[in-house]
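A.B. asks: Let me begin by handing over the structure; questions about it come next.
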Amino acid sequence: MSAQECAISHWPDTDELIAKAKRLVNSPPRPIRRDKMQEYLDFFETQCRGSKVVTAEAAKYIPGGIQHNLAFNHPFPLSIARTDGAYLWDVDGNRYIDFLQAGGPTVLGSNYGPLREKVIEVLEECGPVTGLFHEYELKLAKLINKHMPSVEMFRMLGSGSEGAMAAIRAARNITGKDKVIKVGGAYHGWSDQFVFGTRIPGTGPHEAAGIPEGCLQHTQEFFPNDIDGEQGLRALLEQNESQGGTAAVILEPIGPESGTRPVRRDFNGRVRELCDEFGALLIFDEVVTAFRLGLGGAQGYFGVRPDLTVFGKCVAGGFPAAGGVGGRADVMSTFSAGIGSGGQRTLVGGTLSANPLSCAAGYYAILEMERTQAPVLAGQAGDKLCRGLQAIIDDLDLPFFVYNHGSIIHLETHGVLLVDVTDPDFFAKVTRRKEIAEEMGAAYTAEGIITLAGSRLYSSMADTDDVVEEAVGGFARALASVEGVG
Ligand SMILES: Cc1ncc(COP(=O)(O)O)c(C=O)c1O
């Protein structure tokens with residue numbers, strides 16, 4: 001992938017980021033000043049009444065009142081009425097800059113008109129679903145293969161979680177081995193086997209309520225970047241040799257939680273070498289990175305060829321039923337569908353998987369990204385935003401830090417996911433920092449900016465210089481209200 005096609009203009013110094021993270025979580029938290037926080041909360045009370053009413057009613061019928069884990073809900077969730085490009089509007093008519101971008105899939109910007117029109121054409125022609133083959137399935141698979149040659153074949157599914165489940169099943173089927181190694185902190189969806197070491201490395205089954213131990217017995221985690229340590233990847237692979245071997249190593253190529261725990265530039269290449277040495281499949285979870293970081297995905301940027309790639313989000317251009325798995329033809333062939341197949345096949349399914357709407361949306365979204373260079377433009381917006389945020393942090397002399405991998409930007413003010421699991425105050429620290437994260441997110445929202453969980457931002461092609469400038473102004477006001485500033 002040439003530099004012109006890639007969203008990442010430079011790879012941040014990983015060791016410097018790790019040192020900054022350590023400093024942040026070991027220094028006293030810096031929340032928004034109480035008087036200013038009250039002002040921000042007043043914004044919600046006075047300007048977001050419609051949201052308050054409807055989401056209060058939702059809490060009676062929907063657990064917690066919201067359906068998405070990342071829906072912003074402090075002091076109460078916003079009810080969104082309209083989106084366009086870089087902006088969204090709530091039911092009360094407040095306009096926000098949208099750095100959530102639905103959690104990542106909309107590199108072209110929200111509700112992108114040319115794509116919407118193509119999808120409407122497909123809907124008018126054959127509706128959203130037939131259960132039979134539609135040519136858009138082929139068109140999408142061919143286009144993915146053009147940009148990611150490792151994806152010799154592609155099986156579309158309904159979500160990234162399903163894609164990860166399918167990848168592991170195929171890896172086990174083809175290798176005859178059971179163990180799966182992941183990087184601690186990574187999120188690969190919510191299937192039983194993957195609720196292990198989620199969000200924070202070393203937490204093992206901490207979030208696995210409702211999941212029998214047996215489901216997790218073959219899932220292992222190692223700390224990001226730890227290849228050669230005592231409990232590093234090599235040690236796990238060696239240890240597994242006497243227990244039937246390792247079917248696969250799965251990772252998010254820019255680091256767990258979309259790079260919240262960044263990995264060194266050579267990390268993926270080193271994992272590739274170890275997988276080859278031990279006969280394990282290398283699975284890239286590119287649910288976030290595919291197309292967002294460039295049409296060739298993170299694998300194009302790193303020049304590392306995984307055996308399998310998990311897709312989600314962008315693969316349906318921001319439309320529903322976004323997921324799938326692709327890769328080596330011999331492994332992928334085990335997914336063969338149809339009534340005649342069986343035996344050693346890797347069984348996956350999905351009534352609505354690969355429907356014409358999702359396939360057409362993914363196909364046209366990728367074509368539009370090719371035409372407009374959207375990933376690169378979104379990455380440039382990310383760079384600008386990051387520079388603006390860094391200037392604020394420097395001006396205000398805050399212990400915070402900011403970095404980006406193209407259009408994925410991390411603004412760390414509380415470091416909730418950066419707390420070390422071995423810290424004796426781990427749970428207290430996480431709890432306190434979660435509260436601060438919520439407040440930070442609420443402060444940004446009151447300043448007209450929606451983020452992911454108060455610390456992650458996805459930029460899109462719609463983030464022009466004006467949008468970035470407006471956002472930096474809002475962040476500057478919020479961060480100037482942090483305790484101890486001035
Ligand atoms: C890296 C990664 N893998 C898998 C998933 C799961 O995808 P989905 O939400 O479509 O099931 C996500 C979702 O955020 C993700 O970020």
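A.B. asks: So what is the accessible area of the chain per residue, in Å², with the probe set to 1.4 Å?
C.D. replies: On the way: 20140 Å² over 486 residues.
So the chain comes to 41 Å² accessible per residue, rounded to a whole number.
A.B. asks: Return the equivalent ellipsoid semi-axes of region 113-372 as a descending list in whole Å, where each equals the square root of 5 times an eigenvalue of the C-alpha gyration tensor.
C.D. replies: On the way: eigenvalues 191, 78, 55 Å².
After scaling each eigenvalue by five and taking roots: 31, 20, 17 Å.
A.B. asks: Please name which of MET461, ALA361, THR413 has its Cα lying farthest along the dipole of region 334-486 towards the positive end, using unit charges on Cβ (Lys, Arg +1; Asp, Glu -1) and the Cα centre as origin.
C.D. replies: Most positive-ward Cα: ALA361.
A.B. asks: Which of the listed residues, ASN240, GLY204, HIS188, is farthest toward the dipole's positive end in the chain, when Lys, Arg count +1 and Asp, Glu count -1 at the beta-carbon?
C.D. replies: ASN240
A.B. asks: Once neighbouring chains are kept in place and the probe is 1.4 Å, which whole percent of the accessible area of the chain is contributed by carbon and sulfur? Intermediate results must be reported in sequence, preceding the final value.
C.D. replies: Working: 10470 of 20140 Å².
Accessible surface attributable to carbon and sulfur in the chain totals 52 percent.
A.B. asks: For region 121-192, which chymotrypsin sites (Phe, Trp or Tyr not before Pro) are both in a DSSP coil and crowded by at most 16 other Cβ atoms within 10 Å?
C.D. replies: Numbers: sites: PHE133, TYR136, PHE154, TYR187, TRP190; in loops: PHE133, TYR187, TRP190.
Of the chymotrypsin sites (Phe, Trp or Tyr not before Pro), the ones in loops of region 121-192 whose Cβ has at most 16 other Cβ atoms within 10 Å are PHE133, TRP190.
A.B. asks: Still on this model: So if I place +1 on the C-beta of Lys and Arg and -1 on the C-beta of Asp and Glu, and nothing else carries charge, what would the dipole magnitude of region 1-93 be about its Cα centre? I want it in debye, nearest 20. Could the numbers behind the result be given before it?
C.D. replies: Numbers: 11 positive and 12 negative charges, 85 e Å.
The calculated dipole for region 1-93 is roughly 400 debye.
A.B. asks: For GLY406, which sequence-distant residues (separation of 5 or more, or a different chain) have an amide H within less than 5 Å of its own amide H, given hydrogens modelled in the peptide plane?
C.D. replies: Those qualifying (amide H under 5 Å, at least 5 residues apart or on another chain) are SER9, HIS10.
A.B. asks: Restricting to Cα pairs below 8 Å that are 6+ residues apart, what does the relative contact order work out to for the chain? Please round to a whole percent. Kindly include the intermediate steps, with their values, before the conclusion.
C.D. replies: Values: 991 pairs, mean separation 119.1, N = 486.
The value is 25 percent.
A.B. asks: Still on this structure, I have one more. DSSP beta bridges in the chain, what fraction antiparallel, as a percent rounded to 5? Intermediate values should be presented prior to the final figure.
C.D. replies: Working: 30 of 48 bridges.
Percent antiparallel among DSSP bridges in the chain is about 60.
A.B. asks: How many angstrom lie between the C-alpha centres of region 147-174 and region 15-57?
C.D. replies: Cα centroid of region 147-174 versus Cα centroid of region 15-57: 38 Å apart.
A.B. asks: Karplus couplings for region 451-468 from phi (6.51 cos²θ - 1.76 cosθ + 1.60, θ = phi - 60°), rounded to Hz, Gly and Pro as x?
C.D. replies: 10, 8, 6, x, 8, 10, 9, 10, 8, 9, 4, 6, 7, 6, 4, 5, 4, 4
A.B. asks: May I ask for the equivalent-ellipsoid semi-axes of the chain, computed as the square root of five times each C-alpha gyration tensor eigenvalue and listed largest first in whole Å? Intermediate values should be presented prior to the final figure.
C.D. replies: Values: eigenvalues 239, 157, 89 Å².
Working from the Cα gyration tensor, I get semi-axes of 35, 28, 21 Å.
A.B. asks: Could I ask something else about it? Between the alpha-carbon centers of region 433-486 and region 306-334, tell me the distance in whole angstrom.
C.D. replies: Between the Cα centre of region 433-486 and that of region 306-334, the gap is 33 Å.
A.B. asks: What does the charge dipole of region 173-298 about its Cα centre add up to, to the nearest 20 debye, if the Cβ of each Lys and Arg holds +1 and the Cβ of each Asp and Glu holds -1? Can you show the working numbers first?
C.D. replies: Working: 11 positive and 18 negative charges, 69 e Å.
About 320 debye.
A.B. asks: Cut-off under 16 Å on the C-alpha distance; same-chain residues fewer than 8 positions from LYS22 excluded. Which aspartates and glutamates are left, in chain and number order?
C.D. replies: Of all the aspartates and glutamates, those that pass the test against LYS22 - Cα under 16 Å, at least 8 places apart if same chain - are ASP13, GLU412, ASP420, ASP423, ASP425.
A.B. asks: To continue, here is another question. For region 113-372, what is the percent of antiparallel DSSP beta bridges, rounded to the nearest 5? Working shown, then result.
C.D. replies: Details: 11 of 27 bridges.
DSSP beta bridges in region 113-372 are roughly 40 percent antiparallel.
The values are calculated or read from the model by the stated rules, or taken from the named source; none is laboratory data. All values derive from a computational prediction rather than experimental measurement. We place every Cβ from the backbone using ideal geometry, glycine too, and count neighbours over all the protein chains shown. For the accessible areas, the whole protein counts, side chains as well, though only heavy atoms, and no ligand, DNA or RNA atoms are used. Shrake-Rupley method; radii C 1.70, N 1.55, O 1.52, S 1.80 Å.
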